[in-house]
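Bear in mind that the values in this text are calculations on the coordinates, not laboratory data. Predicted model only: the values in this text are computed from it and were never measured. Note that we place each Cβ from the backbone using ideal geometry, even for glycine, and neighbour counts take in every protein chain shown.
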Amino acid sequence: MLSLNKIEIALGSFRLRADFQIEARQKVAVVGPSGAGKSTLVGAVCGFIDVLGGQLILAGQDITDAMPDKRDMAMLFQDNNLFPHLTIAQNVGLGIRPVMRLTLDEKSKVNDALVRVGLGDLGSRKPSELSGGQQSRAALARALVQSKLWMILDEPFAALGPALRAEMLDLVAEVADETQAGVMMVTHAPEDARRIADSVIFVVDGVAHGPQATTELLDNPPPALKAYLG
Amino acid sequence: MAERIVQITVGKISPRLGISAAVLIAVLILSALVAVVSRADGDFALGPSDWSAVRFTIWQAFLSAFFSTILAIPVARALARRRFWGRGFLVTLLGAPFILPVIVAVLGLLAIFGRAGFLNDILAFFGFAKVSIYGLHGVVLAHVFFNLPLATRLLLQGWQTVPAEQFRLVAQLGLRPSMVFRLIEWRLIVRILPGAFALVFVICLTSFAVALTLGGGPRATTIELAIYQAFRFDFDLGRAAVLSILQLGVAGSAAGLALWFIPSVSFGGGLDRMQRRWDVRTVWSVVLDSTFIVLALGFLILPLLAILLSGLGGLADVPLAIWGTAWTSFWVAMLSVGALLCAALPMAGWIATSKRAGVEAVGLLGLAASPLMIGTGWFILIHPFANPADWALAVTILVNALMALPFALRILVPTLRETAQTYGRLSGALGLSGVALWRCVLLPRACPQIGFAAGLTAALSIGDLGVIALFADPDRATLPLQMYRLMGSYRTDAAAGAALILLVLAFGLFWVMDYWGRRNVIAE
Amino acid sequence: MKYLTFAAGVLTATSAFAETPVLTVYTYDSFVSDWGPGPAIESAFEETCNCDLQFVGAGDGAALLARIKLEGARSDADVVLGLDTNLTAAAKETGLFESHSVTADYTLPIEWTDSTFVPFDWGYFAFVHNADVIVPTNFKALADSDTKIVIQDPRSSTPGLGLLMWVKAAYGDEAASIWEGLADNVVTVTPGWSEAYGLFLEGEADMVLSYTTSPAYHLIAEEDASKASVKFDEGHYLQIEVAAKLAASDQPELADKFLNFMVSEAFQTIIPTTNWMYPAVTPATGLPKGFETLMVPAKALMIPADEANTVRDAALIEWQNALSK
């Protein structure tokens, strides 16, 4: 379980409050108007943004002040998820152990991950030689080998077309199920939420509201969400 | 691919003005050389001592550039990784040594490293033998003092081109500092260091007073001193011209080599922006960074502090006339900035949109040419038509602008290139070109860089003795000239006071312009 | 209308200006500075000459000669003031100077007979040190001692060249070995006098090459008696600063008048406490108080002007070789 206990985040003059729990292995979407603080919320959860007050508890452990790599979370950003000068295999390999030389065993693990996301023969390529969708797959392959409790996604597929995005979301769900990880993903598209999310966190007016079952919430949105969904 | 995009989208920046400016600069420098040659009646032969001067010049410039850039790596790395109180001030202060008149800086350094300096006092206290600063190592030390900050700023800017997500990714994956160095930092160092090396190398090529004073004797004769000797001692204009050409040749080759590498990162503005880092909490890296920051701080601040202290003591002795001189220096600096921008903006626009970056080499000409040669050449050209003294300030302004040009281009080109790439298509679609393009798009976007370049030029021209000594106009001396005159008439305390005024004025102008530029950034 | 008045003003100003003849004197930079003799001499001469005296500063003595060579016969200069006896032969060779008709009761250590150049002040090169420090009293003893000195480069500085000639005049063919002996005493060599003196005052060396008159500045202007110059057994090299009229001058009479004024009481009384040198003609009132405390060399050394040029080039090579080892 991931608990946000009276979390308060300050970024300049911007304030965001959150006070809720998410069950383990849940898939939650974070939605809300642009500028409401969706990225801020996941940034804080991952440890990239300091929290002003409150506690962040993951599986019984206080991780409020933990370093990003000590939180049992794998994050996918909007851009720059891969080092452009490393091969795809090297990029994925970093998820296993942060060194450049891997053991044979580890290498085959990387290869398995690449095969799993459909990049089996592209391990030796550089990111620039891959399409946008393939780059996202590579990042997911890394998340796969990282095998963390949570996968945090900050709109990594925003630039992809609808069909490809749907495909990637399915892959995320599959990877999460295989690694028994929870998913927290920022999105501005309600259909993304409907596609894989069990519940939705709605962020508006400086407050991140606790997760509510996706279908229920989206079918009967409260006024603020209704205004956002249009 | 990228180059093609540039070509298509930014054809609207007219290269004509830029090319004209570049040609004008080349003509200004080469005509000086031709003028000197035209008056030469020697046999243009170089003696063995000239050749040893050439060897020494290249060697000391190489060592100076090597140590300035190598030492800049840990300092820049530490500054990029750490947030601490006064960091912004320290980064700004990195500009200070660069603008000091040579003799002021040398006296400041000697107050710390000299025979009677602070360091030797400490060594003596602990019973160690004295160390001597005089020799090749002293020359290199002084050049590092001048140029380490420059190299550090160049590198620091490189760090800031790293996308923030890369550092988040690094944090995510829990990469160790050594891995971060291999994965991210080493790449940007390789990209930036050769260009920084070349820039420092060219700056040190024309060194003369530093090399001689700290070099400890005629062993430390540089090409510039040989040129000085040829002009003044032997009046052998032919030899002076040959030496000047040699100097230009060495600098030109270095520049040519470096332009393959010269950092194409923006090095102005935004320097106080600080990237958030998570990968640097190991005790070892904290100790390492703190050590380098403290060492660099001490190395830069202590001599400046010495200048400040002796200057404060001498302030009361400074004659009132100095304020008139300061005023002259002030508006000479302003006009130098104007002249610089007139040349640098169109040139930068042209370079930013041209496929080959080689044209930037023209900018380096001004830095590599012997100031004495340029001054003498123009003197020969002007004299038949007018009294050179009447032209002293005009020539000073031009030379200041020439000197600052390579730095200004280094600062402006990357931003203009990026702006052209990002907004070129939009501007084209809106039919923006010529003056409108500059006014609506390029100038506002490049504001921080323009402010930084202008500040640097203003500071450089305040601090530079330049050719004004050659053209000397008794009624309109500049601050450095007046300071030298005070020294030359035994008034050492007053000279120290004048040096402090100079330092404050130069640094103040730099700060104001830099600040102005950054303030004018449109909120995004 | 405004423009007309303005233009008229400019015109009258220029014509009024044009009626006053202008005498242009090229000199070294420190002569014209606010603290040099220039300003006082300008007003003193203008009181009597009904002219406009304009000083133009150009570096130091050697730079001055280079500039005259550069400008040639087209030079605006009527008089050049500030060459020294090491440069007069080279200056005469240019053929740009004209002989003078000045006579005066010179108080120089040597007899003055030059027909082109008129002396206006003089001094001895000497090593200046802190009065409370005991220092060697000849070059050989200096070479054997641990005493540290800072000197100027003869290629870029007049005193630096003076030292070169001093050693040569004192030791002739032995000069090279003297320099070799001195090499480890030389802390450093500076481009000019200012840097060397500054280094000395900062405590970088025990002695600096300067003039016997240097302590007079500290004594008179700063009431500081802590500086002294050391008397060398070999004698001291004499520097005589001179002026001359240019052949191409468009104000020859005024130039003559100036050269005569130069050896007069009015000019000579200004020199000691502004240029910190001995006047070429000691004024009736004598030297300023404080000058009597100065060290007086036992012997004046000087290489005759016509030999200076050849001696100079050979001596420079010796110097460079000895100090480059």
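Of B:LEU502, B:THR415, C:ASN86, which is farthest along the charge dipole of the protein assembly as shown in the positive direction, counting Lys and Arg as +1 and Asp and Glu as -1 at C-beta?
Going by the Cα projections, it comes out as B:THR415.
So which chymotrypsin sites (Phe, Trp or Tyr not before Pro) in segment B:371-417 are both in a DSSP loop and have at most 14 other Cβ atoms within 10 Å of their Cβ? It would help to have the intermediate numbers written out before the result.
Details: sites: B:TRP378, B:PHE379, B:PHE385, B:TRP391, B:PHE407; in loops: B:PHE385.
Passing sites in segment B:371-417 are B:PHE385.
Please identify, among C:LYS69, C:LYS140, C:LYS289, the residue showing maximal mean-square fluctuation in a Gaussian network model of chain C using a 10 angstrom Cα cutoff.
Taking springs between Cα atoms under 10 Å, the residue moving most is C:LYS289.
Taking every residue in B:102-114, how many Cβ atoms of other protein chains lie within 10 Å of its Cβ, on average? Let's see the in-between values first.
On the way: counts 2, 7, 1, 0, 5, 6, 0, 0, 6, 3, 0, 0, 7.
Averaged over the peptide's residues, the number is 3.
Counting pairs of alpha carbon atoms under 8 Å apart in space and at least six apart in sequence, what relative contact order in percent does segment A:83-147 give? Before the final figure, lay out each step's value.
Numbers: 78 pairs, mean separation 31.1, N = 65.
Answer for segment A:83-147 is 48 percent.
Considering only B:ALA348, C:TRP122, A:ALA44, whose Cα is most displaced toward the positive end of the charge dipole of the protein assembly as shown, charges sitting on Cβ of Lys, Arg (+1) and Asp, Glu (-1)?
A:ALA44
List the lysines whose Cα lies under 28 Å from the Cα of C:LYS245, skipping any in the same chain that are fewer than 8 positions away.
Result set, ordered by chain and number: C:LYS69, C:LYS92, C:LYS257.
Give a residue-ordered list of calculated ³J(HN,Hα) values for segment C:168-179 (Karplus: 6.51 cos²θ - 1.76 cosθ + 1.60, θ = phi - 60°; whole Hz; x for Gly, Pro).
Computed from phi, the couplings for segment C:168-179 are 5, 5, 7, 10, x, 5, 7, 3, 4, 6, 4, 4 Hz.
Once amide H atoms are placed 1.01 Å from N in the peptide plane, what residues at a sequence separation of 5 or more from B:SER14, or on another chain, have their amide H within under 5 Å of its amide H?
Correct list: B:GLY434.
What average count of beta carbons from other chains do you get within 10 Å of the Cβ of residues in C:32-39? Don't skip to the answer; put the middle values down first.
Values: counts 5, 11, 11, 9, 3, 0, 1, 1.
That average works out to 5.
Once phi is turned into θ = phi - 60°, what whole-Hz ³J(HN,Hα) does the Karplus curve with 6.51, -1.76 and 1.60 give for every residue of segment B:443-452, x standing for Gly and Pro?
For segment B:443-452, the Karplus curve yields 4, x, 5, 9, 3, x, 5, 5, x, 5 Hz.
Let me spell out the model: positive unit charges on the Cβ of Lys and Arg, negative unit charges on the Cβ of Asp and Glu, origin at the Cα centre of segment A:83-147. What dipole size does that give, in debye rounded to 20? Walk me through the numbers before you get to the answer.
On the way: 9 positive and 5 negative charges, 22 e Å.
The dipole magnitude comes to about 100 debye.
Using modelled amide H (1.01 Å from N, peptide plane; none on Pro or chain starts), what sits under 5 Å from the amide H of A:LYS27, excluding residues fewer than 5 places away?
For A:LYS27, whose amide H was placed from the backbone, the distant partners under 5 Å are A:VAL183, A:ASP198, A:SER199.
How high is the relative contact order of chain C? Use alpha-carbon pairs under 8 Å, at least six apart in sequence, and give a whole percent.
Working: 615 pairs, mean separation 83.5, N = 325.
It rounds to 26 percent for chain C.
With a sphere of radius 11 Å drawn around the Cβ of C:THR190, what net charge do the other residues whose Cβ falls strictly inside it have (Lys, Arg +1; Asp, Glu -1)?
Details: positive: none; negative: C:ASP153, C:GLU195, C:GLU204.
After counting each charged neighbour, the total is -3.
Within segment A:30-112, which trypsin sites (Lys or Arg not before Pro) sit in a loop by DSSP and count at most 11 neighbouring Cβ atoms inside 10 Å? Walk me through the numbers on the way to the answer.
Values: sites: A:LYS38, A:LYS70, A:ARG71, A:ARG101, A:LYS107, A:LYS109; in loops: A:ARG71, A:ARG101.
Answer in residue order: A:ARG101.
Give me the lysines in straight-line cross-link reach of C:LYS140: C-alpha distance below 18 Å, same-chain residues under 8 apart excluded.
Excluding near neighbours in sequence, the set is C:LYS148, C:LYS168, C:LYS231, C:LYS299.
Averaging over all projection directions, find the projected area of the Cα convex hull of segment A:83-147 and quote it in nm² with one decimal place. Numbers along the way, then the final one.
Values: hull surface 14.9 nm².
For the Cα atoms of segment A:83-147, the hull's average projected area reads 3.7 nm².
Tell me the mean residue ellipticity at 222 nm calculated for the protein assembly as shown from its helices only (DSSP H runs of n ≥ 4, each -39500 (n - 2.57), averaged over every residue, nearest 500). Don't skip to the answer; put the middle values down first.
Details: 45 runs with 595 residues, N = 1079.
Helix-only estimate at 222 nm: -17500 deg cm²/dmol.
Could you give the size of the charge dipole of chain B about its Cα centre, using +1 on the Cβ of each K and R and -1 on the Cβ of each D and E, expressed in debye and rounded to the nearest 20?
On the way: 37 positive and 23 negative charges, 396 e Å.
Approximately 1900 debye in magnitude.
Please give the contour-minus-distance gain from B:LEU123 to B:LEU305: 0.36 nm per residue of separation, less the Cα-Cα distance, rounded to one decimal in nm. Let's see the in-between values first.
Values: separation 182, 0.36 × 182 = 65.52 nm, distance 1.99 nm.
Going from the current span to full extension adds 63.5 nm.
Would you work out which of B:GLY216, B:GLY256, B:GLY517 lies farthest towards the positive end of the dipole of chain B, given +1 charges on the beta-carbon of Lys and Arg and -1 on that of Asp and Glu, about the Cα centre?
After comparing all options, I get B:GLY517.
By a straight-distance test (C-alpha under 12 Å), which aspartates and glutamates pair with C:LYS227 as possible cross-link partners, with residues fewer than eight away in the same chain excluded?
C:ASP132, C:ASP206
Based on Cβ point charges of +1 for Lys and Arg and -1 for Asp and Glu, what charge dipole magnitude is obtained for the protein assembly as shown about its Cα centre, in debye rounded to the nearest 20? Mind dumping the intermediate values first?
On the way: 76 positive and 95 negative charges, 1110 e Å.
Using only the charged Cβ atoms, the result is roughly 5340 debye.
Please give the Cα centre distance for segment B:492-520 versus segment C:207-253, rounded to the nearest Å.
That distance is 36 Å.
Separation of segment A:120-178 and segment B:212-234 by C-alpha centroid, Å?
Comparing the Cα centres of segment A:120-178 and segment B:212-234, I get a distance of 65 Å.
Could you work out the per residue convex hull volume over the alpha carbons of the protein assembly as shown, in cubic angstrom? Display every interim value, and only then the final one.
Values: hull volume 223.9 nm³, N = 1079.
Cα-based convex hull of the protein assembly as shown, divided per residue, equals 207 Å³.
All other residues with a Cβ under 15 Å from the Cβ of C:GLU98 taken together, and with Lys, Arg as +1 and Asp, Glu as -1, what is their net charge? Intermediate results must be reported in sequence, preceding the final value.
Details: positive: C:LYS92, C:LYS245, C:LYS257; negative: C:ASP78, C:GLU93, C:ASP114, C:ASP250, C:GLU253, C:ASP256.
Charge balance near C:GLU98 sits at -3.
Write out the chymotrypsin sites (Phe, Trp or Tyr not before Pro) in segment B:95-127 meeting two conditions: DSSP loop, and at most 16 other Cβ atoms within 10 Å of their Cβ.
Answer in residue order: B:PHE126.
Counting only residues 5 or more places away or on other chains, whose amide H sits under 5 Å from the amide H of C:THR107 once H atoms are built in the peptide plane?
When sequence neighbours closer than 5 places are left aside, the close amide H contacts are C:VAL281, C:THR282.
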